[in-house]
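The values are calculated or read from the model by the stated rules, or taken from the named source; none is laboratory data. Being a predicted model, the structure only gives us computed values, none of them experimental. Cβ placement follows ideal geometry from the backbone for every residue including glycine, while neighbour counts extend to all protein chains displayed.
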Amino acid sequence: MPAVNPLLLLLLVLALGAPPLLRRRDGAWGWLAAGLAGIALLAPALTLPDGVPSPAASLGASAPWQGVLDPASGNENLRDVTHQIEPWLLFQRREWRHGRFPFWNPHQFAGAPYWSNGQGAPLFPLHLLFAVLPLRLGLLLLPWLRVAIGGSGAYLLARALGTRRGAAALAAVVFPLSGMPAGFLLFPMGNALMLVPWALLATERLAARHGGWRPLAVVAGLMLLSGHPETAVFTGLLATLYLLGRRVEPGQAARTWAEFLGGWAAGALLAAVAILPLFLTLRESGKWLVRLSSPPPGFGTLLLLWSRFVLPDGLGDAGMGTWWGPYNDIATGVYVGAIPLLLALAALPVARRDRRLRAFALVGLAALAGAYHLPGARQLLLALPLIGRGIHHYLKFGVELVLALLAVRGATEWAERRPGRSLGIATATVGLALAASWLAFGREWTQRGLVRSQLAWTVAFGLGVALLFAGRWLERAQRRRLLPLLALFAAIDLAFAHAPIAPALPAHALYPETPAVAFLAGQEGRLVGAGSAFHPNAAMVYGLADLRGDDPVKLRRFERVYAELAGADDPVYHLPVRDWDSPWLDRLGIRWVVAEPGAAALRPEWRLAFDGEDARVWERPGALPLVRWEDGEAAEVRQREPGHWEIGAAASAPARRLVVAECWDRGWRARVDGREVPVEREGELLLGVDVPAGAGRVELRYRPHGIGAGLALSAAGLLLLLGPWLCGIAARIGGVSPAAERSARVGRTKTGRRGE
């Protein structure tokens, strides 16, 4: 019997333990369905004794990890997880465990803001949980909780629309395992996507007068803290469209809209401690200052992309190295399963009779138009503030959630009535789409060895059709009992479709320390990789300082300098260093150059410092110290932490300027012998502090620009949210119970009315 991951038992306990513990709460069954679906999706990692879901094996394609990791077992399509997301998480975990706020990242871009980089999400509850848990458990529990929480929200949303438990279980499986939530399972966007159904549930409850603005405020605040505020903005747009399409009871519209807008505003207040510094950082980044736009896809490309509604890997699979479609695999994934798609299409005629489903259908159409840049929708989105700067194909999550909810209604209709005309039309529609795909792509599949895979999905579709139409010979009660079977079929279908999204990696092989890395760990100075060697952001994992960075939020002032080294300027993607004669390499303290094994020195004056089978490391003799006086003399570094320098100054020395080779930002503050002094910009980019004669100690600290105002706004939002609860505590402390206070207030009101 093959060994399995012992953490599988823990996940099973977490999934199965909820219904008995919460048997009086309807959401427990949604948690159970989504929890088991999450286990199915993470099966590759759970079949290894120490497995974790990570694509980082793709590092094995370059130095210094070649021969240590097998790149074929990773997923190059998830390179952002390997080169950005996991290093950020590990850095943040290390900072919290050392008792430090992760304000500043000294390991990339000659230093860069971390708190306000947009995707670190240092205050998101699941990231804080990840920081305190053992690493293996955290890497498994984080994605599993995203599936469980997102599925539970979809289940409760379906229940709020008046569906049975067995049918609602379909939403608990379909939404978190569909194309976008599964594709971005290991990204911070997964945090935001798991909250989308909860935001729409809070909106529906608000419209039905079953809840107030506070639940919406909590969900909105969490979404804005999740590490992908763009999704929160898109969710707000879709929730607005839903409320417009749903319509509220006469006389309640003004109050409902006021609470809806107030909920989102209160959520923005709660998250201001992170969002305000992010906004200020974005305004100084290339992502904001250099507006990029790509042409809309042509009709032929749209047909290719829409084929993914019926065939999850009809354009290949990046995890298997067979991707041949436009753009990339995870960005275009939209598969919700064969049975859910059939049920959703069959439910469209029914949706017209329910204003809530009708409103969701409107949301789905709007999300479809925006995600695929259809004429009119593209121009409208680009014209809207904030939304116009977003990546609009992310709106696919709205399409998938709506399809999941329509599938639930279709399953309800299937259970209550024998399969009829609408299901037949849906079957014919999907069947025609499959036939068209075979005709259009059959030659491509044959050349790429994909025929067997597409045949399997086509057979799965046939089995789904057979299962649904077999219900014609069953009684209504029997069809109702079979509703969970539809969810099980969908879970198996989606888990197989999206298994490569979370490839398995033994925990001991996660960013392994090679001899070259061990050598660099004991050295002073900053490093840079030559060509593809030592990919940027890996330095964050090992505690090294790299000049480069792979991060979509880059300070524009750094990019202008780095463009001299790279020979080009790209506000989003990483470019390698090409100009090895630039004086900026010395000014930035670049002492070490990591190259492929056996590579020759790019400059004759470089000294070979390390020669191993994993890499060569060259030393640049002209590199200046990272902390120095203006004449180049090294300064005494007494203490060094991310965002904190303590430097000794000889009291007998005359006045002179201290230079620190980190990127200048408005958040830096300096004190000389306890007295605050300004931090100047030295040579366009670096930190400069004028130290007067007789000084003995210089201290530099970084606090994100705007964090003070953001903290005050978040405190105000928290007081607003907790106001009634705090008033109740104050009343109890004063000896007056809240109930007695309410009774007295009602009595005073009645007395006043009698007096009138």
Failed condition for Pro143, given (1) farther than 30 Å from Arg25 by Cα; (2) outside any loop (DSSP other than H, G, I, E, B): (1)
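For the stretch 360-384, which positions are of a type in the set (Phe, Trp, Tyr) and closer than 15 Å to Thr235 by Cα?
Selection gives Phe360 alone.
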Any chance you could count how many residues in the stretch 129-176 are buried (at least 24 other Cβ atoms within 10 Å of the Cβ) and at positive phi? 0
For Asp631, all conditions in the list (1) of a type outside the set (Lys, Arg); (2) at negative phi; (3) touching a strand residue (DSSP E or B) at 6+ places or on another chain (Cβ under 9 Å); (4) surrounded by 15 or more Cβ atoms within 10 Å (Cβ to Cβ) hold save one; what is the number of the exception? (4)
Only one of Arg443, Arg452 is of a type outside the set (A, V, I, L, M), without any contact (Cβ under 8 Å) to a residue 12 or more places away in the chain and either buried (at least 21 other Cβ atoms within 10 Å of the Cβ) or under 24 Å from Gly179 (Cβ atoms) (or both), namely Arg452
List the residue pairs whose Cβ atoms are under 9 Å apart, where the first residue sits in the stretch 531-545 and is without any contact (Cβ under 8 Å) to a residue 40 or more places away in the chain, the second is part of a loop (DSSP other than H, G, I, E, B), and the two are 6 or more positions apart or on different chains. Tyr542/His107; Tyr542/Tyr511; Tyr542/Glu513
I need a count of the residues in the stretch 625-672 that are more than 30 Å from Gln92 (Cβ to Cβ) and part of a loop (DSSP other than H, G, I, E, B). 11
Given (1) within 25 Å of Gln119 (Cα to Cα); (2) at pLDDT 90 or above, index of the condition Asn77 fails: (2)
Filtering the stretch 329-388 down to residues that are in a helix (DSSP H, G or I) and free of Cβ contacts under 8 Å to residues at least 24 places away in the same chain yields Leu365, Ala369, Ala377, Gln379, Leu380, Leu381, Ala383, Gly388
So how many residues does the stretch 368-393 have that are of a type outside the set (Val, Ile, Thr) and within 21 Å of Met180 (Cα to Cα)? 15
Hits in the stretch 447-481 (condition: closer than 17 Å to Val310 by Cβ and outside any helix (DSSP H, G or I)): Leu450
Read through the list (1) surrounded by 15 or more Cβ atoms within 10 Å (Cβ to Cβ); (2) among the basic types (Lys, Arg); (3) at pLDDT 90 or above, then give the number of the only condition that Arg378 fails. (3)
Meets criteria (touching a helix residue (DSSP H, G or I) at 6+ places or on another chain (Cβ under 6 Å), outside the structural domain of Val68 (by TED's automatic domain parsing) and closer than 15 Å to Gly531 by Cα) for Asp579: yes
Select from the stretch 199-221 the residues that are farther than 16 Å from Leu261 by Cα and within 20 Å of the chain's Cα centre (by Cα) and list them in ascending order. none
Of all residues in the stretch 558-568, which are in a helix (DSSP H, G or I), within 17 Å of Pro583 (Cβ to Cβ) and not aliphatic (A, V, I, L, M)? Phe558, Arg560, Tyr562, Glu564
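For (1) surrounded by 23 or more Cβ atoms within 10 Å (Cβ to Cβ); (2) of a type in the set (S, T, N, Q); (3) farther than 30 Å from Leu41 by Cβ, each residue gets a yes or a no:
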position: Ala499; (1), (2), (3): no, no, no
position: Ala502; (1), (2), (3): yes, no, no
position: Ala516; (1), (2), (3): yes, no, yes
position: Ala538; (1), (2), (3): yes, no, no
position: Pro552; (1), (2), (3): no, no, no
position: Asp570; (1), (2), (3): no, no, yes
position: Asp586; (1), (2), (3): no, no, yes
position: Pro597; (1), (2), (3): no, no, yes
position: Asp611; (1), (2), (3): no, no, yes
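If you check Gly708, Gly723, Gly752, which single one turns out to be modelled with pLDDT of 95 or more, assigned to a helix (DSSP H, G or I) and not aliphatic (A, V, I, L, M)?
Gly708
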Count, please, the residues in the stretch 291-324 that happen to be within 30 Å of Ala61 (Cα to Cα) and aromatic (Phe, Trp, Tyr). 2
